[in-house]
1. How large, in Å, is region 44-93 by the Kirkwood hydrodynamic radius built from its alpha-carbon pairs?
2. Treat the count of other C-beta atoms within 10 Å as a stand-in for reagent exposure and order 68, 45, 57 from fewest to most.
3. Any chance you could run the full-extension gain for residue 90 through residue 67? It's 0.36 nm times the residue separation minus the Cα-Cα distance, nm to one decimal.
4. What full-extension length gain, to one decimal in nm, is calculated for residue 77 and residue 25 as 0.36 nm per residue of separation minus the Cα-Cα distance?
5. Neighbour counts of other C-beta atoms within 10 Å: give me 32, 78, 39 arranged from fewest to most.
6. Can you give me the relative contact order of region 44-93 as a percent, contacts being Cα pairs under 8 Å and 6 or more apart?
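We did not get these values from a lab; they are worked out from the coordinates using the rules stated. Everything numeric here is computed off the predicted structure, so don't read it as measured data. Positions of Cβ are backbone-derived with ideal geometry, glycine not excepted, and every protein chain shown enters the neighbour counts.
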Ligand SMILES: [Zn+2]
């Protein structure tokens, strides 16, 4: 009778475990700062959140990317890997 009500954004079923806010910041501070460094170096940080991945760091000229995990087991190491990718592609864009 009121089809418009169907368009309200309801929480997806089966994803109630995920209480992480869908902001555009990475929940792990180490990773977030590494992503900031990547952006500063001219790389593109994209959010394409799904079950395991938070997003990716892209180097468009190289067509290369690094997948960023939502909840890395070791945030420090994840951040270092992002830094490594950043250093590899610094100044490409
Ligand atoms: Zn590159």
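1. With all distinct Cα pairs of region 44-93 included, I get 11.2 Å.
2. So the ranking, lowest neighbour count to highest, is 45, 57, 68.
3. Values: separation 23, 0.36 × 23 = 8.28 nm, distance 1.71 nm.
Full extension from residue 90 to residue 67 adds 6.6 nm.
4. So the extension gain works out to 16.9 nm.
5. Result, fewest neighbours first: 39, 32, 78.
6. Values: 59 pairs, mean separation 14.4, N = 50.
Taking the mean separation of contacting Cα pairs over the length of region 44-93, I get 29 percent.
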